[in-house]
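Report on the following structure.
Only the coordinates and a few stated rules stand behind these numbers; no lab work does. Computed from a prediction, not measured in an experiment: that's the story for all the values here. Cβ placement follows ideal geometry from the backbone for every residue including glycine, while neighbour counts extend to all protein chains displayed.
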Amino acid sequence: MWLRGGDEAVAALYGPSRFRFSDALTFVETTEYPYSETVRIRVEAARGKHAAKLSLRIPAWCSAATLRVNGKVVKSTLQSGTFVTLDRQWKNGDNI
C-alpha cells in the first residue's frame with residue numbers, strides 16, 4: 001500500500017494502515033475506501049517538524065478530487081490517474 005524512496009512516502013493504494021516513514025514520522029491512514037470516497041491521513045511525529053514528501057495517488061475514476069491539509073485546500077486542480085506530491089515540514093497532528 002505504501003512505498004518509500006529516499007525522502008518520499010507514496011500512498012499507492014488506499015486502506016486503513018500505518019506507515020512508519022522514520023523513527024520520528026508515521027502516517028496513519030483511516031478510510032472505508034472503496035466503500036467511501038474519503039481518505040484521511042494523520043501525521044504522528046516526534047517533537048518539532050520533519051521534512052518529507054508525501055505523494056498521493058489520484059484514482060483514474062476520480063474526476064473531482066480535493067486535497068486538504070489541516071482543513072485548508074492545498075491543491076485545487078487534481079488530475080485523475082496521476083500522483084500529487086506534498087513537500088513540507090510535517091508536525092504531529094497534521095491531517096491530510
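Is segment 72-90 home to any residue that is surrounded by 14 or more Cβ atoms within 10 Å (Cβ to Cβ) and free of Cβ contacts under 8 Å to residues at least 24 places away in the same chain?
yes
Looking only at segment 18-29, count every residue that is in a strand (DSSP E or B) and out of contact with any Ser or Thr (no Cβ under 9 Å at 6 or more places or on another chain) and tell me the total.
Selection size over segment 18-29: 4.
Condition (residue is small (Gly, Ala, Ser), surrounded by fewer than 12 Cβ atoms within 10 Å (Cβ to Cβ) and under 20 Å from Met1 (Cβ atoms)) applied to segment 40-53: is it met by at least one residue?
no
Give the number of residues within segment 70-96 that are among the aromatic types (Phe, Trp, Tyr) and assigned to a loop (DSSP other than H, G, I, E, B).
The qualifying residues number 0.
In segment 50-69, what residues are part of a loop (DSSP other than H, G, I, E, B), within 13 Å of Thr82 (Cβ to Cβ) and among the small types (Gly, Ala, Ser)?
Within segment 50-69, Ala60, Ser63, Ala65 qualify.
Could you look through segment 1-17, keep only residues that are touching a residue at least 24 places away in the same chain (Cβ under 8 Å) and outside any loop (DSSP other than H, G, I, E, B), and pick out the one that is farthest from Lys72 (Cα to Cα)?
It comes out as Trp2.
Checking Ser36 against (1) in contact (Cβ under 8 Å) with a residue 60 or more places away in the chain; (2) exposed (fewer than 12 other Cβ atoms within 10 Å of the Cβ), which single condition isn't satisfied?
It fails just one condition, (1).
How many of the residues in segment 33-49 are more than 15 Å from the chain's Cα centre (by Cα) and either over 23 Å from Lys91 (Cβ atoms) or not in a loop (DSSP other than H, G, I, E, B) (or both)?
Total satisfying the criteria: 4.
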